[in-house]
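The values are calculated or read from the model by the stated rules, or taken from the named source; none is laboratory data. Everything quoted here is computed from the prediction, not taken from an experiment. Positions of Cβ are backbone-derived with ideal geometry, glycine not excepted, and every protein chain shown enters the neighbour counts. Accessible surface is based on the protein model in full, side chains and every heavy atom, while ligands, DNA and RNA are left aside. Shrake-Rupley method; radii C 1.70, N 1.55, O 1.52, S 1.80 Å.
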Amino acid sequence: MSSGLIVAIVVIAVVVAALGAFAVRHRQQHPGLSRRFGSEYERTVARHGGDTAAAERELALRVERHRELTLTPLSGAERARAEEQWAQVKARFVDDPRQALANAEALLARVARDRGYPDSDVDAQIDTISVDHGEHVESYRELHALSLPDAAGRPADTEEQRAALLRARELFTALVGAGGEPERAHAHAHARGPAKAPVGRRAGRVPTQREHHA
């Protein structure tokens, strides 16, 4: 093997090692982003076509904007009022699913605003909420999309809408319960044992038309 070939191989090996080290350092630039955002991290990477660097830059900006906020828990009265309004959303779903989803979206936006999240537009609010609730925030986007009129004229899929509302309930619960009181109440309820709910009326469940009229 000629000395020139050996030099070329050594140079290539050094370059490959340097690129590998750079990639490792880049992945470790924001080691907490993946843990903090959960499934929202993977969705953001996918939205950037697999470009992890671009996705992490976006998520880091979200964290920076989030630091400028002053978030406060809801009062007991505010939580009770929000829960009552969510119950009204579920009741409305039977007769008008799309309007129920629109009402649910408006309620999420209002609760988030009352907590201190920005309310300039839906996308900005969702991005900021994702810093705290990355596992649930996609349901907000889904709710927003399904509540819009379908330009293609595709018939509404009621079961898809029902599933979206149930997933959005998880984000709603996380936002409303951030003050700590619901968690304490849940702990006391767990100590007493699970409560027995009537068939078809489990907490958070969206009733079917037959159950509603019954």
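At a glance:
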| quantity | calculated |
| --- | --- |
| Sites Thr173 and Gln99, calculated FRET efficiency, Cβ-Cβ separation with R0 22 Å, nearest 0.05 | 0.50 |
| Pair Arg81, Leu69: separation of 7 Å Cα→Cβ label points (nm) | 2.0 |
| Label point distance in nm, Glu160-Asp121, each placed 7 Å from Cα along Cα→Cβ | 2.5 |
| Accessible area (Å², 1.4 Å probe, nearest 10) - Arg110 | 90 |
| Extension gain (nm, one decimal) between Leu148 and Ala60, 0.36 nm per residue minus Cα-Cα | 28.7 nm |
